[in-house]
1. Return the pairs, sorted by first residue and then second, in which the second residue is of a type outside the set (D, E, K, R) and assigned to a loop (DSSP other than H, G, I, E, B), the first residue lies in region 255-268 and is under 12 Å from residue 214 (Cα atoms), the beta carbons are less than 6 Å apart, and the residues are 6+ apart or on different chains.
2. Could you identify the single residue in 249, 188 that is small (Gly, Ala, Ser), under 21 Å from residue 12 (Cβ atoms) and in contact (Cβ under 8 Å) with a residue 60 or more places away in the chain?
3. Looking at the structure I just gave you, is residue 21 polar (S, T, N, Q), assigned to a strand (DSSP E or B) and in contact (Cβ under 8 Å) with a residue 24 or more places away in the chain?
4. For region 214-228, which positions are under 15 Å from residue 260 (Cα atoms) and buried (at least 22 other Cβ atoms within 10 Å of the Cβ)?
5. Return yes or no: is residue 169 crowded, with 21+ Cβ neighbours inside 10 Å, within 16 Å of the ligand (Cβ to nearest atom) and either at pLDDT below 95 or under 17 Å from residue 82 (Cβ atoms) (or both)?
6. Just give me the residues in region 120-147 being surrounded by fewer than 22 Cβ atoms within 10 Å (Cβ to Cβ) and assigned to a loop (DSSP other than H, G, I, E, B), in sequence order.
7. Given (1) near the ligand (Cβ under 10 Å from one of its atoms); (2) touching a His at 6+ places or on another chain (Cβ under 9 Å), where does residue 221 come up short, assuming only one miss?
8. Can you say whether residue 59 is of a type outside the set (Phe, Trp, Tyr), within 15 Å of the ligand (Cβ to nearest atom), over 24 Å from residue 223 (Cβ atoms) and modelled with pLDDT of 95 or more, as far as the supplied structure shows?
Amino acid sequence: MKLIKLNNELEIPVVGTGTNTYGKEGNAFKGELRGDTEEVDWAVENGYRHFDAAQIYANEEVVGKGLNQSGVKREDYFITTKLNTNEGYVSRDWIDAEINKSLEKLQTDYIDLFLIHFPWDNSDEIVEVWHVLEEYYNRGIFKSIGVSNFEEKHLDLVLQNGTVKPAVNQIESHVGKWNDALIDYNKSNDIATVAWSPLAGIEDDAKQVLQEIGDRYGKTYAQVVLRYQIERDVIVIPKSHNKERQAQSLDIFDFELTADDRERIAAL
Ligand SMILES: NC(=O)C1=CN([C@@H]2O[C@H](COP(=O)(O)OP(=O)(O)OC[C@H]3O[C@@H](n4cnc5c(N)ncnc54)[C@H](OP(=O)(O)O)[C@@H]3O)[C@@H](O)[C@H]2O)C=CC1
């Protein structure tokens, strides 16, 4: 597995598994929890060691249970989770309580990467929350901290007012919306990009081009897209409710795209 060094030297596996619907009825984002850990178990068996969780997915306990019973040592897997800021900022007590709940549900005493899930419309509050994350980082409870869905103006806020630089900005990036300008902005600030929904937005004509490229390497259209992202140092977190497809998304380390392939993919 290829690892990328974040700006604080912590290493993150360049392919992780998304988890937003794992362990849920009907594979639905808002589905009830089923109580089993099937998709997390497959991910561990398939070799995933990077798990992208979030409070808002309401299934951190599924991820925590699966990992805890997997037999893989804690230091051998990487967990991301995210503070649910969908409603903005509530209070300092609220943040502490939410963090404690995440630690408990994920059955761990530290988080490898902790993110602010969404920016909101109050700069002072965003900075205040960032300072709380810095505090947990300095105490070693978070091994790295970052943000998600932040645009340039939000990044500038934390870059200008924080003492710790965000290690990651997790943003939407896929065939339907590459988000190249923001990826470049992250890079120019030494912030790694994690692409969410990396397999979204692939219409039939794009699929055809990608599969044509994949055929030359014995790979699927999805593997070509993921390979394109990691070749430009974008970390990907695909998820699948199918064990074979989940395995395929990790099987992208034995081929290399040509400059011509990359140009065709970038133009999709
Ligand atoms: N920070 C944020 O705001 C957000 C973060 N995320 C994170 O990103 C993760 C991934 O995004 P998500 O929206 O779940 O979707 P993905 O882009 O990972 O996947 C989309 C669909 O592609 C299919 N798929 C997966 N692997 C393959 C494959 N190898 N070949 C063909 N098809 C495949 C899956 O269907 P099937 O199950 O049938 O295989 C899946 O439903 C989330 O789980 C979450 O952790 C997502 C959205 C927002």
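1. 255/217
2. Working: 188 fails: in contact (Cβ under 8 Å) with a residue 60 or more places away in the chain.
249 is the lone residue from the list that is small (Gly, Ala, Ser), under 21 Å from residue 12 (Cβ atoms) and in contact (Cβ under 8 Å) with a residue 60 or more places away in the chain.
3. Numbers: polar (S, T, N, Q): yes; assigned to a strand (DSSP E or B): no; in contact (Cβ under 8 Å) with a residue 24 or more places away in the chain: yes.
It is false that residue 21 is polar (S, T, N, Q), assigned to a strand (DSSP E or B) and in contact (Cβ under 8 Å) with a residue 24 or more places away in the chain.
4. Across region 214-228, the qualifying residues are 224, 225, 227, 228.
5. On the way: crowded, with 21+ Cβ neighbours inside 10 Å: yes; within 16 Å of the ligand (Cβ to nearest atom): yes; either at pLDDT below 95 or under 17 Å from residue 82 (Cβ atoms) (or both): yes.
Taking the combined requirement at face value, the residue satisfies it.
6. Result: 120, 121, 122, 139, 140, 141, 143.
7. Only one criterion in (1) near the ligand (Cβ under 10 Å from one of its atoms); (2) touching a His at 6+ places or on another chain (Cβ under 9 Å) is unmet by residue 221, namely (2).
8. Numbers: of a type outside the set (Phe, Trp, Tyr): yes; within 15 Å of the ligand (Cβ to nearest atom): yes; over 24 Å from residue 223 (Cβ atoms): yes; modelled with pLDDT of 95 or more: yes.
It is true that residue 59 is of a type outside the set (Phe, Trp, Tyr), within 15 Å of the ligand (Cβ to nearest atom), over 24 Å from residue 223 (Cβ atoms) and modelled with pLDDT of 95 or more.
The values are calculated or read from the model by the stated rules, or taken from the named source; none is laboratory data. The structure displayed is predicted, hence computed values, not measured ones. Cβ coordinates were reconstructed from backbone atoms using ideal geometry, including for glycine residues, and neighbour counts include every protein chain displayed.
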